[in-house]
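Reading through the structure tokens given below for one structure.
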């Protein structure tokens, strides 16, 4: 992705074209009924990300607008938030024409970010050393945690605790839990096999768990704060123990009247992060591909985690956690054979490393 852009103004808004090894996307804009109708034209099967900015003089001023795979040579979307003039730019990555993701997968563009937490972030852990990570390739990530329904459809069993078997309301849109890292990677392998046999995946493309760096990059979604909501996590923002809220400058905030549901919630029940991913904060721990280990101290590209070790990484935290444990930099690890009622997973679709 080059940094050189071409900009021009149409009816008060500026569109920016990211130069690309392939033919760059072509953006056009028109206004209708207080909505900016943005048309993106490009090569079919390109994965496209559109961003906006209201002030190009600010550092880190670009924000996620939308992403999609071009299923036709021209696609259109509406931006109804026109309280201020907006600049737009688009990036594309050419994908094989026979990559057909399952539903509810979000394209995550490549990029560079600061992984870990600053030393002044309250209640941080010593294993969250900040370092620069570059992810050189984009990937698809599931918008939601894998649900009980998803798991049953492929595996034919539902290991979850939160079912009518244990006195809870049956809702297969709850995320699946009581799954080990081994269960989760087995799900990914079977899904890859199914989709490849159906002709929806080319050789070398796989469904898998996200690496730890992919998970945090996607979780942060361009934010630099303790959680993607900002520097506070308050009751009602996510499914966590809302009686133990969090502030990045002071730590735990005791709130006796805060919401503590003591169970999972249906996926997508809370606000998505800026890149359209749900439950990256609260609801369940999420397995990652990596062996757990210390972070590098310098800049790295496409890290794959520790090369030795016995436990696997878990990110985020679950419905029973205090707010401090739902921070974007929060890390944990567990035996890959272990199962518990506050751990599940989401998946990534990408070329094999």
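The values are calculated or read from the model by the stated rules, or taken from the named source; none is laboratory data. From a predicted model like this one, the values you see are computed outputs, not experimental measurements. Here Cβ is always computed from backbone atoms with ideal geometry, including for glycine, and neighbour counts include all displayed protein chains.
At-a-glance table
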item	result
Check on residue 267, in contact with a strand residue (DSSP E or B) (Cβ under 7 Å, 6 or more places away or on another chain), buried (at least 21 other Cβ atoms within 10 Å of the Cβ) and part of a loop (DSSP other than H, G, I, E, B)	yes
Elements of type strands (runs of 3 or more DSSP E) contained in the stretch 71-119, each with 1 or more residues being more than 26 Å from residue 35 (Cβ to Cβ), at pLDDT 85 or above and outside the structural domain of residue 200 (by TED's automatic domain parsing)	105-108, 111-115
Hey, residue 72 more than 23 Å from residue 133 (Cα to Cα), exposed (fewer than 13 other Cβ atoms within 10 Å of the Cβ) and within 16 Å of the chain's Cα centre (by Cα) or not	no
Residue selected from the stretch 32-50 under the condition without any contact (Cβ under 8 Å) to a residue 40 or more places away in the chain and in a strand (DSSP E or B), by the criterion surrounded by the most Cβ atoms within 10 Å (Cβ to Cβ)	41
Index of the failed condition, residue 157 passing every other in (1) part of a loop (DSSP other than H, G, I, E, B); (2) crowded, with 17+ Cβ neighbours inside 10 Å; (3) in the same structural domain as residue 345 (by TED's automatic domain parsing)	(2)
Verdict on residue 194 being closer than 29 Å to residue 305 by Cβ, modelled with pLDDT of 95 or more and either out of contact with any helix residue (DSSP H, G or I) (no Cβ under 8 Å at 6 or more places or on another chain) or assigned by TED's automatic domain parsing to the domain that holds residue 162 (or both)	yes
